[in-house]
1. Select from region 256-288 the residues that are more than 10 Å from TYR231 (Cβ to Cβ) and small (Gly, Ala, Ser) and list them in ascending order.
2. Quick check on region 25-43. Is at least one of its residues under 18 Å from ASN137 (Cβ atoms), under 33 Å from the mean Cα position of the chain (by Cα) and at pLDDT 75 or above?
3. For the subset of region 246-261 comprising residues that are at pLDDT below 90 and outside any loop (DSSP other than H, G, I, E, B), which member is farthest from TYR277 (Cα to Cα)?
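The values are calculated or read from the model by the stated rules, or taken from the named source; none is laboratory data. Fair warning: this is a prediction, and the values are worked out from it, not measured in the lab. No Cβ is skipped: glycine too gets one built from the backbone with ideal geometry, and neighbour counts run over all protein chains shown.
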Amino acid sequence: MGDLGGAVEDVTGVNMGSHGSGDRAIRSQREAAAQANALQLQMYNQTRADQEPWRQAGMGALTQMQDPGFQRDFSMSDYQQDPGFQFRMSEGMKAIQGSAAAKGSLNSGATLKGLMRYGQGVASEEYQNAYNRFNTNQTNRFNRLSTLAGTGQTATNQVQAANQNYGGTMNENLLGMGNAEASRFINQGNRMAQFYDNGQETMGQAAGAMAAMFSDERMKSDILKLSKSDYKDVPTYIFRYKDEKHGKGFQRGVMAQDLLAIDQNHPAVSKADNGFYRVDYSKLERSE
């Protein structure tokens, strides 16, 4: 219906073409939300990458702590391999053998008894020392691994916190975008309701001022038939033009095809050079 959207704004104060700016605002908000979500994902992935070496180190330490060999008790094999015990035994034997050799009694019974007594004494005295060293080493190793495992746990906690922050921020962005969409539809519905409720008189003024306008069903979309028509014997619709050069936003009017169904030579209908029908609204009879 030509510039009926602008005419309606002049007469009623309602700009039915304003949906375009609303669509642009929604697109801008969608783009902003998408960019914000992409940035949040990038930050989250970077946090995971930064924390991954520490998490892997912690997992490795935990694996070592759970190894059965790490949980074993002190054994005779550990005692015999203890460096302190081996050193003391070796040095003591050398001293006894050296002394016996100097006296010419290296292989005597007395020397052998001396070696035996020395070995038994060292074994008795050194066992507790070896046991203590074993436990000390195990404790030190456990503490180091425990610290490393704790570092891995801290890294895991930080990744979890980043995950929660990422999810929360995305949720807020999506909710904000959804609220904006809902607000747009509500506002659009309110505009349509106001457009409808302004009544027949104002629409008659707007349509009459515009004379013959394109009103071919083939040129329209989003068509909604109104329960009460502005004109006698023919329905009134709210619609949008497929090509906005004929009018932006929601329009209100009749369909030329409805008029032609009543009268193939209806005086209000004419065909334009492009093959589409026009309607001269000044030739339509208004409903009561």
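1. ALA256, ALA261, SER270, ALA272, GLY275, SER282
2. Of region 25-43, the ones under 18 Å from ASN137 (Cβ atoms) are none.
Within region 25-43, none of the residues are under 18 Å from ASN137 (Cβ atoms), under 33 Å from the mean Cα position of the chain (by Cα) and at pLDDT 75 or above.
3. Applying the first criterion (at pLDDT below 90) to region 246-261 yields 246-252.
If we keep only those that are outside any loop (DSSP other than H, G, I, E, B) too, we end up with 246, 250-252.
Details: HIS246: 13, PHE250: 19, GLN251: 16, ARG252: 16 Å.
That would be PHE250.
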